[in-house]
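Heads up, the thing below is written out as structure tokens.
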Amino acid sequence: MFDRIGKDLRRWLPSGPKAGTGARVRGLLRGLGSPGFQAVVAYRVFRWARLHHIPTQPLRYCVERFVEITTGVSIPAEADFGPGLRIHHFGNIIVHPAVKVGKGCTLYHGVTLGTDGLSEKAPRVGDDVLIGAGAKVLGDIDIGDRCRIGANAVVVHSAPPGSVLVGVPARPVEAGTERPREPIDASPRSPLREPRAGRKVVQFPGGRANRSRSE
């Protein structure tokens, strides 16, 4: 239990050769004061007790409700999270008891890991997965190691390792290649606007369009 809590806390420490003592102390204090880390600690304690068949009710129920109210994070002791879990920001994180998540994963606020309503089976998430703000991962699916799930994505299908998932429903994209579609200018002076019958478009240098009656 303490080993996993220590690995969870180390996720808040800066890495790299330039991370000095001051930066590490600030990271440690940020982690200890984070609602996400506090919720993870409560989860680790009751998860450890469950695995060792130590009865904790009704204390567990009261603590879990208190953690939900104060941090906005709901992780039942039945859920299986690997070490190195980091939760960013305050709350609205809901986890189904059947969820399994690997090591080194990151959750942002508004994440839901749960069932799809068709069965009681929940997602299985690999190692080093990042789940963005507002994302939903639902159903009997497998998310491979090192996947990145974009904000507000709704994932209902399994994904291979290293995937980047975006959209509703989420689909894999190649990182760094998808660009948003440019809006179409449909103003009366736009060269993209269809001319009315009997009129033609004259295109001037610089993109300006004018219309005149056809001969």
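Some values worked out for this structure:
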| read-out | value |
| --- | --- |
| Selected residue (criterion: nearest to G114 (Cα to Cα)) from residues of region 37-78 that are among the basic types (K, R) and touching a helix residue (DSSP H, G or I) at 6+ places or on another chain (Cβ under 8 Å) | R44 |
| Positions within region 139-171 being part of a strand (DSSP E or B) and either outside the structural domain of F81 (by TED's automatic domain parsing) or of a type in the set (K, R) (or both), in sequence order | R148, R171 |
| Among residues of region 49-83, those that are β-branched (V, I, T) and over 23 Å from the mean Cα position of the chain (by Cα), counted | 3 |
| Candidate set: region 112-136, residues that are among the hydroxyl-bearing types (S, T, Y) and in contact (Cβ under 8 Å) with a residue 24 or more places away in the chain; chosen: the one nearest to G102 (Cα to Cα) | T112 |
| Enumeration of residues in region 106-123 that are in a strand (DSSP E or B) and more than 17 Å from A153 (Cβ to Cβ) | none |
| Unmet requirement for K103, which otherwise passes all of (1) closer than 25 Å to C147 by Cα; (2) assigned to a helix (DSSP H, G or I); (3) charged (D, E, K, R) | (2) |
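The values are calculated or read from the model by the stated rules, or taken from the named source; none is laboratory data. Every value quoted in this text rests on a predicted model; they were computed, and no experiment measured them. With ideal geometry, Cβ positions are generated from the backbone for all residues, glycine too; neighbour counts draw on all protein chains shown.
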